[in-house]
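Comments concern the structure below.
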Amino acid sequence: MLIYKIFRQEEWKALCDAGQTDGAPVDLADGYIHFSTADQAAETAAKHFAGEDDLMLLAVEAEDLGAALKWESSRGGALFPHLYAPLKLENLHWALPLSLEDGVHQFPDQMV
């Protein structure tokens with residue numbers, strides 16, 4: 001199962017430069033890297049990245065993260081994937097730009 005992380009360009013660049021990351025500022029504050037499922041990603045984008053362009057959508061195979069990935073209750077009681085380890089560039093299944101059209105993020109067909 002693929003899970004998804006949205007990064008701003010500076011966060012994406014930091015991951016590419018270092019080969020791993022502890023996440024965005026919200027991840028550092030919470031002590032884990034926030035991910036979303038395909039069904040949760042659009043709401044995550046609307047809630048936390050409203051109106052932001054120039055984002056990257058990263059896809060990671062959940063099984064590849066092992067025991068460091070925990071499914072925990074969050075928004076509305078839904079289970080969200082949280083990574084309690086650095087995200088490594090080698091963990092990425094793919095990374096694509098997440099465009100914004102008429103104020104709505106356009107998710108790629110690869111998520112289906």
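The values are calculated or read from the model by the stated rules, or taken from the named source; none is laboratory data. Just so it is clear, the structure is predicted and the values come from calculations on it, not from any experiment. Cβ sites come from the backbone with ideal geometry, for glycine too, and all protein chains shown count toward neighbours.
Observations on the model:
- Failed item in (1) within 18 Å of Trp94 (Cβ to Cβ); (2) touching a residue at least 24 places away in the same chain (Cβ under 8 Å), with Lys13 passing the rest: (2)
- Residue in region 19-26 that is surrounded by 13 or more Cβ atoms within 10 Å (Cβ to Cβ), in a strand (DSSP E or B) and touching a residue at least 24 places away in the same chain (Cβ under 8 Å) present: yes
- Top-ranked residue in region 54-104 [being in a strand (DSSP E or B) and of a type in the set (Phe, Trp, Tyr); ranked as nearest to Ser36 (Cα to Cα)]: Phe80
- If you go through region 74-99 and keep only what is closer than 16 Å to Glu43 by Cα and at pLDDT 95 or above, you end up with Leu79, Phe80, Pro81, Leu98.
- Filtered residue count, region 47-85, keeping only those that are of a type in the set (Ser, Thr, Tyr) and loosely packed, with under 12 Cβ neighbours inside 10 Å: 1
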